[in-house]
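For reference, the structure discussed in these notes is given below.
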Amino acid sequence: MRVLSNDSIQSLQTRGYIKNSSEIQEFDFNILSNLSTYNISPTPYLLLFNGLEKMALKNLIRFICLNWNNIYESLDDVPIKIENKYNIPTIDVLKFFLENEKNHRVCFFVEILHQYFFP
């Protein structure tokens, strides 16, 4: 499984994905600390989600959801119900992938993030 690292975040910042300010978004991303349960450092993910512009974050979340809904049946899991594809609550998606005991969701979440930024 490919995970984001501090070098990955530096690369994304250089490529303009992450803004250079350190202002905190209104989202509560403490849920990302659950990655440490799987021996994955949450720091790059915290930096990523705190540093993305709102539109970039919405596009990323939509990409994650759409890809999940393409494969959930093969994993014997449930789809993510998307009522408004332009306004998917970020924290709900993170909870779906990171608060559940189903570790295949965590693996998918980490892998799809890497694929999104480093195809």
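Partners of Lys54 within straight-line reach, counting lysines whose Cα lies under 24 Å from its Cα and excluding those fewer than 8 residues away in the same chain: Lys19, Lys81, Lys85, Lys95. The alpha carbon radius of gyration of region 59-106, expressed as a multiple of 2.2 N^0.38 Å, is 1.08.
Taking the mean number of other Cβ atoms within 10 Å as a proxy for protection, how do you rank 68-75, 105-112 from highest to lowest?
Values: 68-75: 12.8, 105-112: 18.2.
In descending order of packing, they fall as 105-112, 68-75.
Amide H contacts under 5 Å for Ile18: Gln13, restricted to partners 5 or more places along the chain or on a different chain, H placed in the peptide plane at 1.01 Å from N.
The HN-Hα couplings worked out from phi for region 78-85 by the Karplus form 6.51 cos²θ - 1.76 cosθ + 1.60 (θ = phi - 60°) are 10, x, 9, 6, 10, 7, 10, 5 Hz, whole numbers, x standing for Gly and Pro.
Coupling constants for region 70-76 follow from the phi torsions by the Karplus curve (6.51 cos²θ - 1.76 cosθ + 1.60, θ = phi - 60°), and in residue order they are 7, 10, 4, 5, 5, 9, 6 Hz; glycine and proline get x. Dividing the convex hull volume of the alpha-carbon atoms in the chain by its residue count gives 103 Å³ per residue.
All of the numbers you see were taken from the coordinates with simple rules; none came from a lab. Note that the structure is predicted; figures quoted are calculated from it, not measured. No Cβ is skipped: glycine too gets one built from the backbone with ideal geometry, and neighbour counts run over all protein chains shown.
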